[in-house]
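Okay, structure first, notes after.
The values are calculated or read from the model by the stated rules, or taken from the named source; none is laboratory data. These numbers were taken from a predicted model, which means no experiment stands behind them. FYI the Cβ positions are ideal-geometry reconstructions off the backbone, even for glycines, and counts take in every protein chain you see.
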Amino acid sequence: MDADILKSHFDDLGLPPEAQEYLLDLWHVIQMLDDVQDGDASANAGLAAWAIFARMPMNQFYRNCMATLQPLLVMQLIKWEAANNAEASGLADERSYMWRAGYYEIVAMACHLCGLDAKAALSLYGETYAQYREEF
């Protein structure tokens with residue numbers, strides 16, 4: 001999903017600007033790390049570096065909700081590594097597909113923390129399982 005489309009969805013969900021900024025920075029970081037993992041030399045490390053080291057730690061939404069968000073981020077990292085391992089071993093399946101969708105769990109939690117409908121955020125994941133399987 002394109003970041004502009006994602007932002008439009010965040011607007012539709014009613015997320016406040018600080019939450020949107022944090023989630024979009026997280027999206028860019030995840031995309032860059034996934035590109036690096038896949039050997040894509042065009043990964044935008046500069047954008048991710050600014051997000052990781054400058055914007056995200058100072059984001060007021062993150063600072064206010066860090067105790068809730070940080071364990072979710074760690075869990076998503078564990079799931080991302082598990083998906084990468086499954087894919088590299090030729091064992092990509094429904095589980096690894098769902099492990100990849102973890103970002104949207106964080107979006108759902110952001111909605112919940114902002115007093116919004118968290119369930120709506122889970123429908124944002126655009127890649128179907130069939131599309132995922134085509135990659136492998």
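Selection within the stretch 86-136: residues that are among the charged types (D, E, K, R) and crowded, with 18+ Cβ neighbours inside 10 Å. The member of this set that is modelled with the lowest pLDDT is ARG100. Examine the stretch 56-63 for a residue that is within 27 Å of GLY115 (Cα to Cα), free of Cβ contacts under 8 Å to residues at least 60 places away in the same chain and aliphatic (A, V, I, L, M), and state whether such a residue exists. Yes, there is a match, as at least one residue in the stretch 56-63 is within 27 Å of GLY115 (Cα to Cα), free of Cβ contacts under 8 Å to residues at least 60 places away in the same chain and aliphatic (A, V, I, L, M).
Working carefully through the options GLY39, GLY90, GLY115, find the one that is farther than 24 Å from LYS7 by Cβ, without any contact (Cβ under 8 Å) to a residue 12 or more places away in the chain, not aliphatic (A, V, I, L, M) and not in a helix (DSSP H, G or I).
Details: GLY90 fails: without any contact (Cβ under 8 Å) to a residue 12 or more places away in the chain; GLY115 fails: farther than 24 Å from LYS7 by Cβ.
Just one listed residue meets the conditions, GLY39.
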